[in-house]
Structures are given as C-alpha cells and as structure tokens.
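Student: Okay, here's the structure, questions in a sec.
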Amino acid sequence: MEDTGTKPGSGGDPHLFDYPPVKMLADRLKECKKRAGSAASSPFILERPCGCALDIGLVWMQGSVIVVRPAGGATIRLTDGTHTFTVCGADKVPKGKPFLLPGKYVMVMGVVLSCNPEPVLRAVKITDLSENPVHQTMWKYEVDDLHKILNSKICIC
C-alpha cells in the first residue's frame, strides 16, 4: 500500500486531523456557510459574534438514531434534540457489536459534507453511548459551554 501522507478515513486530506473535531449541535451546524474556494481543509465556517469565523471541517456530534438505511453504504439519520442530521458511510468505520439501531444514542465524528437544509457528515468514527444516559443528558450543556468560551475569546483575524 502506497503512503499518500493522508490518515485513514480522511478522504485524501492530509490536514483533516491536524485539529480536534469541533463539538456541534445540529441546529448550530445548519448556520455554517460554505467557504469561498473550497480547496481549504475546512470547507465550512461558522461566523462568530465578534466577526471572525470558526473553521468547521471535522465535527463531533451526538444523537439518537432515528433510521438506519443499510443499502448503498449505510446511512443513518439522527436527532440531537435541536435538529436532525444524516451520517453516511457508517458501514466504513470500525465498530464492535452491532449497535446502529433506532433508539440507540451514539457519538459520531465526521467530515462535514453539507450544512443546509440539514447537516450531512461522512463518518470517521461512531461509538455507542447508550449504556450511560449521562452522555445524552450532558451533551447540550457540553456543547453550549464550549461555544460560550469560543465566542467570549477575543478574535484575532
């Protein structure tokens, strides 16, 4: 196998994993805009109150599985309580016991493919979090806290 300088699941972008994924809620991800000149490693931006933009390429989201479509490369539809979002390529990520079932609560790390009208991600990692309800209870608070901190920092554009 030839070394292309990319990391597994990166879709050929060697810089995709240079930064941690941004924790996002689906309704907030819908606000992102396509960056002009999409050759950048983060093709989407989220405008911040200070006027600067946060690069959005790789995101960490959590939600309850609504529908699983196994045909043509597993696609799952989820909700995080703020909006629905779709994850494609779920069959391409490593996982243990089968857990992609309606009602399961999962964490998804994925590459943003589109933001509007509904967020769509390409799966990089999926983990079942259903065993501990604290994950679901605390998720919105974790994300809100992160974005509060990001928005309170002084922007240097």
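Student: Could you give each residue of the stretch 44-55 its phi-based ³J(HN,Hα) in whole Hz, using Karplus coefficients 6.51, -1.76, 1.60 with θ = phi - 60°, and x for Gly or Pro?
Tutor: 10, 10, 10, 6, 9, x, 6, x, 7, 10, 9, 5
Student: Starting from the amide H of Ser114, placed 1.01 Å from N in the peptide plane, find each other amide H under 5 Å away whose residue is 5 or more places distant or on another chain.
Tutor: Under 5 Å from the amide H of Ser114: Val120.
Student: Nothing charged except the Cβ atoms of Lys and Arg (+1) and of Asp and Glu (-1): what's the magnitude of the dipole of the stretch 18-157 about its Cα centre? Round to the nearest 20 debye.
Tutor: Details: 18 positive and 13 negative charges, 54 e Å.
Dipole magnitude for the stretch 18-157 comes out near 260 debye.
Student: Provide the per residue accessible area, probe 1.4 Å, for the stretch 16-129, rounded to a whole number of square angstrom. If you can, show how the numbers build up before the last one.
Tutor: Working: 5280 Å² over 114 residues.
On a per-residue basis, the stretch 16-129 sits at 46 Å².
Student: Now, a different point. List the residues, sorted by chain then number, that are 5 or more residues from Gln62 or on another chain and whose placed amide H is less than 5 Å from its amide H.
Tutor: Amide H neighbours of Gln62, under 5 Å, 5+ apart: Val108.
Student: Magnitude of the Cβ-charge dipole of the stretch 98-155, K/R +1 and D/E -1, about the Cα centre, nearest 20 debye?
Tutor: On the way: 6 positive and 6 negative charges, 35 e Å.
Result for the stretch 98-155 is approximately 160 debye, rounded to the nearest 20.
Student: Taking H as built 1.01 Å from N, whose amide H comes closer than 5 Å to the amide H of Ala53, not counting residues under 5 places away?
Tutor: When sequence neighbours closer than 5 places are left aside, the close amide H contacts are Arg48.
Student: Let me ask something else. With a Förster radius of 30 Å, plug the Cβ-Cβ distance of Leu101 and Val134 into 1/(1 + (r/R0)^6) and report the FRET value to the nearest 0.05.
Tutor: About 0.90, to the nearest 0.05.
The values are calculated or read from the model by the stated rules, or taken from the named source; none is laboratory data. Quick caveat, the model's predicted, so the values are computed rather than measured. Neighbour counts run over all protein chains shown; Cβ positions are idealised from the backbone, glycine included. Note: areas computed on protein heavy atoms with side chains; ligands, DNA, RNA excluded. Shrake-Rupley method; radii C 1.70, N 1.55, O 1.52, S 1.80 Å.
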